[in-house]
Amino acid sequence: MILPTLETARLVLRPPLPEDAEAIARYLNDFAVSGNLARVPFPYHLSDARAWLRTRRPDMPIEDANFSIIAPGVGMVGHIGFHLGQRGPIIGYWLGRPFWGQGVMTEAARESLRWFFSVSAAPVVISGVFHFNAASLAIQRKLGFTETGRSRLVCLARGTEVEHIDTQLTREGFRAALTGRSPAAVAKPPGVWKAL
């Protein structure tokens, strides 16, 4: 599938391009950002960004879709994407520190999840946060994610295992978050409702 470009009120989410390398390297070379991520080393170099971008193609499978978050007039400010894990599709994301606290990631995550559930048959999306990342956990809760347990996950930037809060989002939970209702109030039998 050729990945689309998604638009929200303030943002454009598009497939990553080679021209994103400098912004990716600049924002991920900030330990306040990379220290919250599992698979990103610190320091993070321009060569790391270029190497990662070479793995991206416009025809990636749905479960491996990635989007650069573009703020018009500013440029690339972060990234959001999916990859297939052992328990299903996993969503991960990061945002450059200058853009924290402005609702950018909530807006980007809401739109990317809306798209993902509309084109995928996956019943759930998996995610999680390191135990100290309250802001990211708050974003997930707004979107309907629920905690499913705790684990330990290696954080490359920290060079150690860190306690991780495991979360998941069901279609019903996401629908409820979009409508502001409880999941039980909007739940439908499996297979009756697929797209958001």
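Where a number appears in this text, it was derived from the coordinates with a stated rule and is not lab data. Everything numeric here is computed off the predicted structure, so don't read it as measured data. Note that each Cβ is placed from the backbone with ideal geometry, even for glycine, and that neighbours are counted across all protein chains shown.
Full extension of the segment from MET1 to GLU63, taken as 0.36 nm per residue of separation minus the current Cα-Cα distance, would add 21.3 nm. When PHE145, PHE116 are sorted by how many other C-beta atoms sit within 10 angstrom of their C-beta, beginning with the fewest, the order is PHE116, PHE145.
Taking amide hydrogens as placed 1.01 Å from N in the peptide plane, the amide H of GLU7 sits under 5 Å from those of LEU13, each at least 5 positions away in sequence or on another chain. The simple spin-label model puts a point 7 Å past each Cα toward its Cβ; for PHE132 and GLU161 those points are separated by 1.8 nm. Near ALA108, once Lys and Arg are set to +1 and Asp and Glu to -1 for all other residues with Cβ below 15 Å from its Cβ, the sum equals +1. Going by the alpha-carbon gyration tensor, a ≥ b ≥ c the square roots of its eigenvalues, is segment 97-138 rounded (a/c under 1.5) or, if a/c is not under 1.5, prolate (a/b greater than b/c) versus oblate? In terms of gyration-tensor shape, oblate. Simple spin-label model, 7 Å along Cα-to-Cβ: ARG87 to ALA38 in nm? Taking the two extended label points, one gets 1.0 nm. Rounded if a/c is under 1.5, else prolate if a/b beats b/c, else oblate: with a ≥ b ≥ c from the C-alpha gyration tensor eigenvalues square-rooted, which is segment 22-78? It comes out oblate by the Cα gyration axes.
Between ILE126, ASN36, PHE99, the Cα set farthest toward the positive side of the dipole of segment 6-185 (charges on each charged residue's Cβ, about the Cα centre) is that of ILE126. Sorting GLU172, GLU107, GLU7 by the number of Cβ atoms found within 10 Å of their own Cβ, with the fewest placed first, yields GLU7, GLU107, GLU172. When segment 6-185 is described by a simple charge dipole with +1 on each Lys and Arg Cβ and -1 on each Asp and Glu Cβ, the residue from PHE116, THR170, LEU46 located farthest towards its positive end is THR170.
Hey, got the dipole for segment 6-185? About the Cα centre, +1 on K and R Cβ, -1 on D and E Cβ, debye to the nearest 20?
On the way: 20 positive and 16 negative charges, 51 e Å.
With only Lys, Arg, Asp and Glu charged at Cβ, the dipole is about 240 debye.
Using the rule -39500 (n - 2.57) for each DSSP H run of four or more residues, divided by the residues of the chain, the 222 nm mean residue ellipticity is -8500 deg cm²/dmol.
For each of THR106, THR179, count neighbouring Cβ atoms within 10 Å of the residue's Cβ, then give the residues from fewest to most.
Values: THR106 14, THR179 10.
The order, fewest Cβ neighbours first, is THR179, THR106.
Tell me the label only: which of [x] 39, 36, 31; [y] 48, 35, 31; [z] 56, 42, 31 is Cα extents along the principal axes in Å as calculated from this structure? The value computed from this structure is option [y]. Find the centroid of the Cα atoms in segment 43-100 and in segment 1-42, then give the distance between the two in whole Å. With segment 43-100 and segment 1-42 each reduced to a Cα centre, they are spaced 4 Å.
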